[in-house]
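The values are calculated or read from the model by the stated rules, or taken from the named source; none is laboratory data. Note that the structure is a prediction, hence the values are computed from the model and not measured. So basically every Cβ, Gly included, is an ideal-geometry build from the backbone, and we count neighbours across all protein chains shown.
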Amino acid sequence: MEYLHTMVRVGNLDAALDFYVNKLGLVEVRRIDRPEGKYTLVFLAAPGDVERARDSKAPLVELTYNWDEHDYAGGRNFGHLAYRVDDIYETCDRLMKAGVTINRPPRDGYMAFVRSPDGISIELLQKGDAKAKAEPWASMPNTGSW
């Protein structure tokens, strides 16, 4: 398993970047604008992690700016922790057998979500290319929120 990023939703991207980049000293290493989804993702790395973050896309803080939503209450601004795993199906199977609910199954062979006992959302991402779609994952519905 490899730690990837922590996602934080921000209501004002300029103010957030002023804090994280100009004041805290993090470095923007990647930005994704999705007009069709109405959101922007900005990935930041600590200065000592910039090269590693550019090469492996980790470890990072992901700022998620949803263009239509600006107020977050009840901790909704914290999104998730993300980890890259060697085998998404084996990892999800092992977690299920240990009693963990797979909130968003890896139907695509690439991404799944689970929650910690305290409700923290954990994203699991397949290392490398997505695995071929397989059952029971391909037809498994979402459970709860993720």
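General remarks:
- Evaluation of H5 against (1) farther than 30 Å from E135 by Cβ; (2) in contact with a Pro (Cβ under 8 Å, 6 or more places away or on another chain); (3) in a strand (DSSP E or B) (one fails), failing number: (1)
- Unique residue being at positive phi, outside the structural domain of T6 (by TED's automatic domain parsing) and surrounded by 13 or more Cβ atoms within 10 Å (Cβ to Cβ) when the list is G144, G79, G75, G109: G109
- Every listed requirement among (1) crowded, with 16+ Cβ neighbours inside 10 Å; (2) within 14 Å of the chain's Cα centre (by Cα) is met by C92 save one, (2).
- Scan of segment 46-74 for residues that are part of a loop (DSSP other than H, G, I, E, B), of a type in the set (G, A, S) and more than 18 Å from the chain's Cα centre (by Cα), ordered by number: A73, G74
- Segment 117-146, subset closer than 17 Å to L4 by Cα, part of a loop (DSSP other than H, G, I, E, B) and of a type outside the set (D, E), residue nearest to the chain's Cα centre (by Cα): I120
- Those residues of segment 95-106 which are surrounded by fewer than 17 Cβ atoms within 10 Å (Cβ to Cβ), among the hydrophobic types (A, V, I, L, M, F, W, C) and either assigned to a loop (DSSP other than H, G, I, E, B) or touching a residue at least 24 places away in the same chain (Cβ under 8 Å) (or both), in sequence order: A98, V100
- Count of segment 15-45 residues, restricted to those that are loosely packed, with under 11 Cβ neighbours inside 10 Å, modelled with pLDDT under 95 and not in a loop (DSSP other than H, G, I, E, B), is 3.
- The set of residues in segment 85-116 that are over 17 Å from E2 (Cβ atoms) and charged (D, E, K, R) comprises D93, K97, R104, R107, D108, R115.
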